[in-house]
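Any read-out appearing in this document is the output of simple, stated calculations on the displayed coordinates, not a laboratory observation. No experiment lies behind these values; they were computed from the predicted model shown. We place every Cβ from the backbone using ideal geometry, glycine too, and count neighbours over all the protein chains shown.
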Amino acid sequence: MPTTILIPTPLRPYTNKSASVEVEGRTVGEALENLVRTHDRLRGHLYGDDGKLRSFVNIYVNESDIRYLQKEETLLKPKDTIAIVPSVAGGSATLTHEEIRRYSRHLIMPEVGLEGQRKLKAARVLCIGAGGLGSPATLYLAAAGVGTIGLVDFDVVDFSNLQRQILHSTGDVGRSKLESAAERLAGINPGVHIETHETALNSSNALEILQNYDVIVDGTDNFPTRYLVNDACVLLRKPNVYGSIFRFEGQASVFAVPDAPCYRCLYAEPPPPGLVPSCAEGGVLGVLPGIIGTIQATEAIKLILGAGETLVGRLLLLDALRMHFRELKLRRDPNCPICGEHPTIHELIDYEQFCGVPAHEGAVATAADILVNELKEKLDRGDDLLIVDVREPLEYQINRIPGSILIPLGDLPGRVRELDGNREIVVHCKTGGRSARAVEFLKGAGFRRVHNLKGGIVQWVTQIDTSQPTY
Amino acid sequence: MILPNAIVESIARFAREAYPYECCGALLGADALIMEALPIANSSDEPKERRFRIRPEDFQRAERRAEQQQLELLGFYHSHPNHAAHPSAYDLEHAWPNLIYVILSIDSQRTGDLTAWLLRDDRSRFEPVEVRRGEPDANHNFDSHAAASLHK
């Protein structure tokens with residue numbers, strides 16, 4: 001006597017669209033064997049290579065699962081109905097075999113393991129800046145298997161970057177930093193998804209960009225952006241892995257974790273503009289961002305894994321000249337304007353203004369400014385001019401404007417008497433920042449005819465005297 | 001396969017509600033047009049962050065609902081939290097033929113890509129299925145009442 005087998009929707013294309021098939025069989029096993037014998041294309045979908053029913057194929061006799069009867073030995077009675085009922089299963093990838101080989105040194109560590117590696121793969125880290133700090137940080141984050149790495153930068157690779165920005169190669173000079181970085185990171189780990197944001201981070205785009213990431217790595221080189229990143233991280237409650245470098249010195253910490261101090265708790269106000277020289281003005285040992293950037297990568301990975309103790313509440317200070325690490329305990333400031341008890345900052349502000357940097361420095365000439373071509377004309381005319389270079393002696397050795405005298409900005413108050421107040425004075429530095437402060441000082445000291453050379457010696461060399469090098 | 005925006009939005013909502021777990025459900029419709037996304041409980045015994053399972057009784061329920069609505073059971077959807085919308089080896093191993101597998105990638109912030117797949121007859125791999133989004137055109141006899149009933 002034939003038994004009816006009910007066929008589920010996905011298998012009906014193999015039974016001429018029939019919802020049921022009549023087969024002979026003494027047991028369930030025999031009936032199913034007769035079914036696949038007459039409908040051969042069903043076999044691979046019902047049975048695995050081992051000849052056993054697949055785990056997601058459920059066989060019911062009348063209303064009972066044969067797993068709870070005698071399985072395929074279950075005897076059939078007249079008028080019994082067999083139903084093939086799918087269970088549907090699936091899910092996302094864990095780690096591929098290739099990934100297991102790639103991350104094997106992580107996988108055997110108790111702090112990482114398969115679970116941790118999956119967390120890294122699922123993580124999204126944003127690095128602000130593809131320069132000195134961003135280079136080692138993102139190279140190691142990519143190698144470690146952080147699934148998504150975002151990069152914010154708008155610059156092009158310059159020769160002067162290559163001494164420390166190891167994301168970029170000599171052949172990349174002139175190319176977009178993000179393009180160069182994305183290529184390098186993909187070369188290290190093609191499994192990492194790179195998201196590039198080719199823009200200057202500012203108050204109107206920061207929240208939108210940062211909100212899509214779990215951890216922010218601050219690789220910026222200026223105060224306005226550093227305060228901007230801090231405030232955006234506090235508002236979005238995202239950890240801010242901070243690093244900064246100057247000459248042989250470095251700092252690192254983790255800010256903006258809820259209930260922990262932020263960058264403003266440490267430095268409520270930015271230094272007066274020009275007081276703290278930037279790396280472009282004061283220099284930096286090329287290796288130093290390598291040390292600090294990899295500390296930032298380490299902290300980002302620990303935050304993702306939830307492993308160990310991060311630099312939350314601690315400021316790590318490095319003096320590489322003495323090779324000395326120190327640590328300062330940081331406390332959350334209850335009066336902090338952004339993360340304190342009664343915050344006064346509820347949205348992003350104008351950080352250029354906050355840090356006293358005129359918007360687009362030097363873009364608009366002030367009355368005290370003189371352009372390089374104007375200076376050239378004056379010199380060619382033989383005007384009586386005193387050119388004061390306020391850079392450091394090492395910079396003066398690299399290039400100079402003929403006839404200029406060197407008085408480093410720091411020495412100016414002590415040597416101001418050397419200057420003749422009746423002569424017209426043009427002050428310059430590398431790009432115009434320090435000289436602007438010198439002009440301000442000289443005016444305060446009673447000098448009337450003082451000009452700031454717009455764009456500094458860099459502009460002079462670029463436009464007027466290309467025989468000299470720039471730095 | 002045509003996937004009306006309203007259905008995509010329902011799947012995205014189910015995926016967000018289930019996050020960080022995988023969500024799953026059946027897709028009912030006619031011909032190539034999906035008309036209903038029927039959410040089904042994820043009954044996986046394994047971590048639901050990366051596994052889903054639809055029990056046989058829920059499969060039958062979906063089949064019955066399709067019959068009642070005079071629709072077909074066209075496939076299933078599931079989400080991939082923090083993973084790409086690409087079928088995994090596990091998906092392949094457990095796949096049924098002749099059903100469209102729709103996968104939606106999602107992370108803690110947003111839903112990502114939505115893709116659709118069909119198992120090859122020899123079970124060797126999935127073939128991508130072209131997904132046409134948007135509102136169906138008149139030729140596809142789309143019953144707006146059926147779609148509206150999903151969103152109660």
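Among the GluC sites (Glu not before Pro) within segment A:233-334, which fall in a DSSP loop and have no more than 12 other Cβ atoms within 10 Å of their own Cβ?
Passing sites in segment A:233-334 are A:309.
Figure the gain on full extension for residue A:97 and residue A:398 (residue separation times 0.36 nm, minus the Cα-Cα span) and round it to one decimal in nm.
The span from residue A:97 to residue A:398 would gain 102.9 nm if fully extended.
Could you tell me which of rounded, prolate or oblate describes segment A:264-312, using a ≥ b ≥ c as the square roots of the eigenvalues of the alpha-carbon gyration tensor, with rounded for a/c under 1.5 and, failing that, prolate when a/b is larger than b/c and oblate otherwise?
oblate
State whether segment A:22-138 is rounded, prolate or oblate according to the following rule on the C-alpha gyration tensor (a ≥ b ≥ c being the square roots of its eigenvalues): a/c under 1.5 gives rounded; otherwise a/b larger than b/c gives prolate, and the remaining case gives oblate.
Judged from the Cα gyration tensor, segment A:22-138 comes out prolate (a/c at least 1.5, a/b above b/c).
Per the helix-only calculation at 222 nm, which mean residue ellipticity applies to the protein assembly as shown, given -39500 (n - 2.57) for every DSSP H run of n ≥ 4 and division by its residues, nearest 500 deg cm²/dmol?
-8000 deg cm²/dmol
Give me the distance between the Cα centres of segment B:87-107 and segment A:380-447, rounded to whole Å.
Each part reduced to its Cα centre gives a spacing of 71 Å.
Compute the angle between helix A:134-144 and the longest alpha-carbon principal axis of chain A, please, reported from 0 to 90 degrees and rounded to the nearest 10.
Computed tilt is about 20 degrees.
Note the angle between two axes, namely the Cα long axis of helix B:56-68 and the longest principal axis of the Cα atoms of chain B, as a number of degrees from 0 to 90, rounded to the nearest 10.
Compared with the principal axis, the helix lies near 10 degrees.
What pairs in A:119/A:177; A:52/A:77; A:119/A:238; A:177/A:454 have C-alpha atoms more than 25 Å from each other? Walk me through the intermediate numbers first.
Working: A:119/A:177 28 Å; A:52/A:77 23 Å; A:119/A:238 17 Å; A:177/A:454 27 Å.
The answer is A:119/A:177; A:177/A:454.
Where the centre of each part is set by its Cα atoms, how far does segment A:35-88 sit from segment A:104-159, in angstrom?
With segment A:35-88 and segment A:104-159 each reduced to a Cα centre, they are spaced 49 Å.
When Cβ neighbours within 10 Å are restricted to other protein chains, what is their mean count per residue of peptide B:84-96?
For peptide B:84-96, the averaged partner shielding equals 5.
Take the Cβ-Cβ distance between residue A:380 and residue A:443 as r, set R0 to 30 Å, and report the resulting FRET efficiency rounded to the nearest 0.05.
It comes to 0.65.
Assuming R0 = 60 Å, can you tell me the calculated FRET efficiency for the pair residue B:125 and residue A:287, based on Cβ-Cβ distance, to the nearest 0.05?
After rounding, the FRET efficiency stands at 0.80.
Over all pairs of distinct alpha carbons, what does the Kirkwood formula give as the hydrodynamic radius of segment A:410-461, in Å? Walk me through the intermediate numbers first.
On the way: mean 1/r = 0.0897 Å⁻¹.
Computed over Cα pairs of segment A:410-461, the Kirkwood hydrodynamic radius comes out at 11.2 Å.
Please say if chain B is rounded, prolate or oblate, where rounded means a/c under 1.5 for a ≥ b ≥ c the square roots of the C-alpha gyration tensor eigenvalues, and otherwise the choice is prolate for a/b larger than b/c and oblate otherwise?
Taking the square roots of the gyration eigenvalues as a ≥ b ≥ c, chain B is rounded.
Could you work out how far helix A:433-444 tilts from the main Cα principal axis of chain A, as a 0 to 90 degree angle to the nearest 10?
Tilt relative to chain A: about 40 degrees.
Sticking with the crude label model, points 7 Å out along Cα→Cβ, report the distance from residue A:70 to residue A:405 in nm, one decimal please.
11.4
Given a Förster distance of 60 Å, report the FRET efficiency between residue B:109 and residue A:1 from their Cβ-Cβ distance, rounded to the nearest 0.05. Let's see the in-between values first.
Details: r = 61 Å, r/R0 = 1.01.
E(calc), rounded to 0.05, equals 0.50.
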